[in-house]
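Enquirer: Below is one structure. I have some questions about it.
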Amino acid sequence: MSKEFKIINHEVAYKGFFRLEKYHLKHTLFKGGWSAEITRELFMRGNCVAVLLYDPIRDEVVLIEQFRAGAVLIPDRAWLIEIVAGAIEEGETAEEVAYRESVEEAGCEIEELTLINEFYTTPGGSSERISLFLGKVDTSNVGGVHGLDDENEDILVSVEKFDEVFKMIESGKIESGIPIIAIQWLYINRDKLRAKWGVV
């Protein structure tokens with residue numbers, strides 16, 4: 001079966017901090033033939049990187065907390081607990097962003113980087129594709145407030161034992177999807193990783 005689509009027209013509907021594009025298109029159907037013309041708005045977020053910073057010796061995870069405009073409809077939960085993340089700028093690789101953002105947002109130097117997966121976050125309306133990594137770090141001197149002043153970042157950094165972090169998922173304290181995916185991946189692979197890094 002042939003899977004095809006045709007873009008009939010597209011335009012930039014809005015350009016600000018982010019960009020919104022409107023597409024007129026049609027695509028082939030599983031039952032054969034073509035769909036009617038459909039119109040879809042696409043939120044152009046760009047490709048991003050997220051990295052779960054983990055110390056296998058101390059069995060600790062680095063978490064960040066910051067204000068998120070997307071959560072303002074529940075005002076008392078507008079500060080979200082997340083992991084380090086950032087956009088891939090022109091000319092950068094995903095790995096370079098992981099190293100850069102870990103220093104900028106959490107003051108952490110990554111010792112070893114492992115790709116967890118690459119995926120779309122909300123493909124029904126956003127172009128954003130995430131490269132998700134695990135970064136091996138030393139958490140002995142991690143903490144405080146970080147972020148770049150020229151990007152208006154105000155990021156509280158904390159370190160928690162892995163078991164406590166997993167309880168945050170179970171209790172609903174962590175509500176952002178990317179850290180949930182990363183922490184669940186670490187839950188599955190933690191013993192194997194610690195053995196690889198010589199932690200008994």
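Enquirer: If you go through segment 47-98 one residue at a time, how many are under 19 Å from Asn189 (Cβ atoms), charged (D, E, K, R) and part of a strand (DSSP E or B)?
Expert: Count: 2.
Enquirer: Do you know which residues across segment 28-40 are in a strand (DSSP E or B) and either surrounded by 13 or more Cβ atoms within 10 Å (Cβ to Cβ) or among the aromatic types (Phe, Trp, Tyr) (or both)?
Expert: Result: Thr28, Trp34.
Enquirer: Might you check whether a residue that is of a type in the set (Asp, Glu), closer than 19 Å to Glu89 by Cβ and assigned by TED's automatic domain parsing to the domain that holds Lys192 occurs anywhere in segment 122-134? Walk me through how you get there before you give the answer.
Expert: Step one: filter segment 122-134 for residues of a type in the set (Asp, Glu), giving 128.
Checking which are closer than 19 Å to Glu89 by Cβ leaves us with 128.
After this cut, where a residue has to be assigned by TED's automatic domain parsing to the domain that holds Lys192 as well, the list is 128.
Within segment 122-134, one or more residues are of a type in the set (Asp, Glu), closer than 19 Å to Glu89 by Cβ and assigned by TED's automatic domain parsing to the domain that holds Lys192.
Enquirer: Further question on the same structure: Keeping to segment 178-200, report how many residues are closer than 24 Å to Glu65 by Cα and modelled with pLDDT under 95.
Expert: 0
Enquirer: Follow-up question, since we're still on this one. Test Leu156 against the criterion of being exposed (fewer than 13 other Cβ atoms within 10 Å of the Cβ), out of contact with any Leu (no Cβ under 6 Å at 6 or more places or on another chain), assigned by TED's automatic domain parsing to the domain that holds Val62 and aliphatic (A, V, I, L, M), and give yes or no. If you could, list the steps in order and put the result at the bottom.
Expert: Details: exposed (fewer than 13 other Cβ atoms within 10 Å of the Cβ): no; out of contact with any Leu (no Cβ under 6 Å at 6 or more places or on another chain): yes; assigned by TED's automatic domain parsing to the domain that holds Val62: yes; aliphatic (A, V, I, L, M): yes.
In short, no.
Enquirer: Which residues, counting only those in segment 93-111, are surrounded by fewer than 17 Cβ atoms within 10 Å (Cβ to Cβ) and in contact with a Lys or Arg (Cβ under 8 Å, 6 or more places away or on another chain)?
Expert: Hit for segment 93-111 is Glu111, nothing else.
Enquirer: Next question, about the same structure. Can Lys161 be described as assigned by TED's automatic domain parsing to the domain that holds Val62, within 14 Å of Val61 (Cβ to Cβ) and surrounded by fewer than 17 Cβ atoms within 10 Å (Cβ to Cβ)?
Expert: The answer is yes for Lys161.
Enquirer: Which ones in segment 60-75 are more than 18 Å from Gly107 (Cα to Cα) and surrounded by 15 or more Cβ atoms within 10 Å (Cβ to Cβ)?
Expert: Passing the criteria: only Ala71.
Enquirer: Suppose we filter Glu60, Glu82, Glu65, Glu92 for residues that are among the acidic types (Asp, Glu), under 12 Å from the mean Cα position of the chain (by Cα) and assigned by TED's automatic domain parsing to the domain that holds Ile180; which single one remains?
Expert: Result of the check over Glu60, Glu82, Glu65, Glu92: Glu82.
Enquirer: Further question on the same structure: Of all residues in segment 173-200, how many are over 18 Å from the mean Cα position of the chain (by Cα) and among the small types (Gly, Ala, Ser)?
Expert: Residues flagged as over 18 Å from the mean Cα position of the chain (by Cα) and among the small types (Gly, Ala, Ser) within segment 173-200 amount to 2.
Enquirer: Here's something else I'd like to know. Is it the case that segment 171-194 has a residue that's more than 19 Å from Val62 (Cβ to Cβ), of a type outside the set (A, V, I, L, M, F, W, C), surrounded by 12 or more Cβ atoms within 10 Å (Cβ to Cβ) and in contact (Cβ under 8 Å) with a residue 24 or more places away in the chain?
Expert: no
The values are calculated or read from the model by the stated rules, or taken from the named source; none is laboratory data. Quantities reported herein were computed from a predicted structural model and do not represent experimental measurements. Cβ: placed from backbone, ideal geometry, glycine included. Neighbour counts: every protein chain shown.
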